[in-house]
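Novice: This structure is in structure tokens; I'll ask about it shortly.
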Amino acid sequence: MHLVRSLKRLVPLVLVLVITLTACSSAPSKYDQVQEDTTGFSAPAAVDKTAEKGGTFNQFFPEAEGDYTVVPSQEKQGFAEYKLKRGGETVAMLSINDTISLPAAAAKYENATTMVAGFPSVVQGSTATGLLVNDRYQVKVLSRDASFTEADRAAWLEKFDLQGLSQLEADTKAFRKAQKTATPDIRTAPQNSEPKTAPTLVPQPAG
Amino acid sequence: MSKKIYEKVDKLPKGGLTVMALNSLDKFVPGQWENLVGFDHTIKQVTGETDEAMVQAIGERAIALFNDKSQGYQRALWMYESVDSASGLLGAAAMANRIGQDTFLGFLKNISPKPEKAQTVDLVVKLVTEVVAFCHINGIPGDSLGDFLAALGDYGGESLMRMAALVSFDGVIPLGADFSGKALKLIKGMGPSDLDNNPTFKGVKEEIPGNNAKGKLSFMTESFESTKGWMDKFVSDKGITQGNVVDNLSGFVEGSKSKLDYLGAFLDVSVKYYEHTGVQTLARRLIERSVAEL
């Protein structure tokens, strides 16, 4: 009986504790795994130290033309991006990135069936078309307005100075090393995840 | 423990004083700001992407970029958070005694208005925070100063709303319509000791360029001077006056019309617009980069 009485007294305390702990801990998220993989001492860098400076890419972007203006947006290591605007509205984003930091991005071009200006090209998701220069530099046009079609994306990809970009001297030694050690879905899909996270990188023919 | 950017975006408030205060500025920047809350929702809105696997891949890349300290995103977030919490520090102590009385009239009993000097430092520090955080997030885009200014001038969405709030809540309300001229005159007359005692400055001073308080003061003065023209034009183009900012706020801050000096202090404590819109800007830029890099 003594034990029962003690337990009865404990019940409210336990209830309060349970409620408090439940309220304080956050619900699990589908991003918890990547959070764990990308934090802590042994976490891999998201951007490779040998990635090309973003500023190097500026010279290869298209110029303003007709109703379109091209406005600088981001310039980080291994990445540069411009907004393509028409009538003050952003209709697309233009980007160049160094896939040395993300080999899976380059790998999706291996089975490309379409070429744009002589470079392998894929349509990705519902808003992006990309091509790959020198097996390393990815050039992309991403629609931000429904009026900017897949055909518009392909046309604007050709306006980049792709020949100039292909002359860019790459740190091939570091690049090949990274390619050699790369797993197909580094960081974008943990190894124990379901295969359903991968289809994003399946190449589709560009229109 | 590392901050989780996806949780920050998921937990942004959908209502409350900050959101109401920002919505009250819609009149000046119509349709520019939508209170985007939720990490996946933001990915879908920013990219137009609907494929769930693609959304997940974009989210994962964005998280990896944010967690890579060398990329500067964490410093930008820290600045947006610090400049808000530091500027509200003064009032927060007074507020601590009256939890649950979030009305303007209750607030009046517990706080005195900030002196114009302190308000000026707040305004200038927040502006400099914007410039420094912009560089942490976006780098210095383009090949020339003109390119950089074009990128800065192309503010839209939550970034433009943040600037509208800066000009209205930290400029026009506490200092009046000629706030920029008044603030410039005041900051030019200040010495390093005026900064050292200011909580807003202390909150983010490590991130302000300059070797010492004197150097930082000089950077702040130059930054303010060079953006003064933009701010003046913004105020006149949008027709922002003390009267109409207060009119728009009076719907939810009752009794504020006759106490403008107190209203500025109240907004300082209650409205965390830098952190709120800063998290939204950061998420947008991370997502824009991620979808392009994948």
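Laboratory data are not the source of any read-out in this text; all were calculated from the coordinates shown. Keep in mind that this is a model prediction, so the values were computed, not measured. For neighbour counting, all protein chains shown are included, and Cβ atoms are generated from backbone atoms with ideal geometry for every residue, glycine included.
Novice: What is the distance in Å between the Cα centres of the stretch B:122-181 and the stretch B:7-37?
Specialist: Taking the Cα centre of each part, the stretch B:122-181 and the stretch B:7-37 sit 18 Å apart.
Novice: Also, quick follow-up: Taking Cα atoms, how many degrees apart are the long axis of helix B:213-238 and the longest axis of chain B, rounded to 10 and kept between 0 and 90?
Specialist: 90
Novice: If you place +1 on the Cβ of every Lys and Arg, -1 on the Cβ of every Asp and Glu, and leave all else neutral, what size is the dipole of chain B about its Cα centre, to the nearest 20 Debye? Walk me through the numbers before you get to the answer.
Specialist: Details: 32 positive and 37 negative charges, 178 e Å.
The dipole magnitude comes to about 860 debye.
Novice: Additional query: Over the whole of A:116-124, what's the average partner chain Cβ count within 10 Å per residue? Rounded to a whole number, please.
Specialist: Details: counts 0, 0, 0, 0, 0, 0, 0, 0, 6.
Across A:116-124, the average partner-chain Cβ count within 10 Å equals 1.
Novice: What is the local net charge at B:Gly215, summed over the other residues whose Cβ is closer than 15 Å to its Cβ (Lys, Arg +1; Asp, Glu -1)? List each step's numbers first, then the result.
Specialist: On the way: positive: B:Lys205, B:Lys214, B:Lys216; negative: B:Asp194, B:Asp196, B:Glu206, B:Glu207, B:Glu222.
Within the 15 Å Cβ shell, the charges total -2.
Novice: Now for a different question. Where does each of B:Trp230, B:Trp33 land when they are ranked from fewest to most other beta-carbon atoms within 10 angstrom? Could you put the intermediate results ahead of the total?
Specialist: On the way: B:Trp230 16, B:Trp33 23.
By the 10 Å Cβ count, ascending, the order reads B:Trp230, B:Trp33.
Novice: Let me ask something else about it. GluC sites (Glu not before Pro) within the stretch A:25-122: which are DSSP loop residues with at most 14 other Cβ atoms inside 10 Å? Mind showing how you got there, number by number?
Specialist: On the way: sites: A:Glu36, A:Glu52, A:Glu63, A:Glu65, A:Glu75, A:Glu81, A:Glu89, A:Glu110; in loops: A:Glu52, A:Glu63, A:Glu110.
For GluC sites (Glu not before Pro) across the stretch A:25-122 that sit outside H, G, I, E and B with at most 14 neighbouring Cβ atoms in 10 Å, the list reads A:Glu63, A:Glu110.
Novice: How large are Rg and Dmax for the stretch B:153-203 when only the alpha carbon atoms are used, in Å?
Specialist: 13.3, 37
Novice: Computed FRET efficiency, Cβ-Cβ of A:Met115 and B:Lys27, R0 45 Å: what is it to the nearest 0.05?
Specialist: Once the sixth-power term is evaluated, E becomes 0.30.
Novice: Related question: Between B:Phe224, B:Phe201, B:Pro115, whose Cα lies farthest towards the positive end of the dipole of the stretch B:5-293 when Lys and Arg beta carbons carry +1 and Asp and Glu beta carbons carry -1, centred on the Cα centre?
Specialist: It is B:Pro115, whose Cα lies furthest towards the positive end.
Novice: Name the residues whose placed amide hydrogens come within less than 5 Å of the amide hydrogen of A:Ala92, ignoring near sequence neighbours (fewer than 5 apart) on the same chain.
Specialist: Counting only residues 5 or more places away or on other chains, the set is A:Leu84, A:Arg144.
Novice: Given springs between every Cα pair under 10 Å in a Gaussian network model of chain B, which of B:Ser24, B:Ser82, B:Ser193 has the largest fluctuation?
Specialist: With Cα springs under 10 Å in chain B, the top fluctuation among B:Ser24, B:Ser82, B:Ser193 is at B:Ser193.
Novice: Where does each of B:Ile187, A:Ile100 land when they are ranked from fewest to most other beta-carbon atoms within 10 angstrom?
Specialist: Placing the least packed residue first, the sequence is B:Ile187, A:Ile100.
Novice: While we're on this one: Quantify how strongly other chains surround peptide A:89-96 by giving the mean number of their Cβ atoms within 10 Å of each of its Cβ atoms.
Specialist: Working: counts 1, 2, 0, 0, 6, 1, 5, 1.
Across A:89-96, the average partner-chain Cβ count within 10 Å equals 2.
Novice: Explain nothing, just the number: relative contact order of chain B, from Cα pairs under 8 Å at least 6 residues apart, as a whole percent.
Specialist: On the way: 342 pairs, mean separation 106.2, N = 294.
Relative contact order of chain B: 36 percent.
Novice: Only counting other Cβ atoms within 10 Å, I'd like B:Lys14, B:Lys8, B:Lys117 sorted with the fewest neighbours first. Numbers along the way, then the final one.
Specialist: Numbers: B:Lys14 8, B:Lys8 19, B:Lys117 16.
Placing the least packed residue first, the sequence is B:Lys14, B:Lys117, B:Lys8.
Novice: Something else about it: How shielded is B:129-139 by partner chains, expressed as the average number of their Cβ atoms within 10 Å of its Cβ atoms?
Specialist: On the way: counts 0, 0, 0, 0, 0, 0, 1, 1, 2, 7, 12.
Mean shielding by partner chains, rounded to a whole number: 2.
Novice: To test your reading of the geometry: what angle, between 0 and 90 degrees and rounded to tens, separates the Cα axis of helix B:260-270 from the longest principal axis of chain B?
Specialist: Here the helix axis deviates by roughly 30 degrees.
Novice: May I ask for the equivalent-ellipsoid semi-axes of the stretch B:5-293, computed as the square root of five times each C-alpha gyration tensor eigenvalue and listed largest first in whole Å? Walk me through the intermediate numbers first.
Specialist: Working: eigenvalues 178, 107, 67 Å².
Each semi-axis is √(5λ); the values are 30, 23, 18 Å.
Novice: To continue, here is another question. Return the Rg/Rh value of the stretch B:23-72, two decimal places, where both radii are evaluated on C-alpha atoms and Rh is the Kirkwood radius. Provide the component values of the computation, followed by the final result.
Specialist: Details: Rg = 14.4 Å, Rh = 12.8 Å.
Here Rg/Rh amounts to 1.12.
Novice: What net charge do the residues around B:Glu34 carry, taking every other residue with its C-beta under 11 Å from that of B:Glu34, with Lys and Arg at +1 and Asp and Glu at -1? The partial results should precede the final answer.
Specialist: Values: positive: none; negative: B:Asp26, B:Glu158.
For residues surrounding B:Glu34, the net value is -2.
Novice: Once both axes come from the Cα atoms, what is the angle between helix B:116-138 and the longest principal axis of chain B, in degrees from 0 to 90, rounded to 10?
Specialist: Value to nearest ten degrees: 10.
Novice: With springs only between Cα atoms under 10 Å apart, run a GNM on chain B and tell me which of B:Met79, B:Met161, B:Met20 wobbles the most.
Specialist: B:Met20
Novice: Take the residue pairs B:Lys8/B:Lys272; B:Lys202/B:Lys228; B:Lys27/B:Lys185; B:Lys27/B:Lys228; A:Lys76/B:Lys182; A:Lys49/B:Lys8 and return only those whose Cα atoms are more than 25 Å apart. Display every interim value, and only then the final one.
Specialist: Values: B:Lys8/B:Lys272 14 Å; B:Lys202/B:Lys228 23 Å; B:Lys27/B:Lys185 30 Å; B:Lys27/B:Lys228 22 Å; A:Lys76/B:Lys182 37 Å; A:Lys49/B:Lys8 28 Å.
Check vs 25 Å cut-off fails for B:Lys27/B:Lys185; A:Lys76/B:Lys182; A:Lys49/B:Lys8.
Novice: For B:Val46, what is the net charge nearby, where nearby means another residue's Cβ is under 12 Å from its Cβ and Lys, Arg count +1, Asp, Glu -1?
Specialist: Spelling it out: positives minus negatives among the neighbours equals 0.
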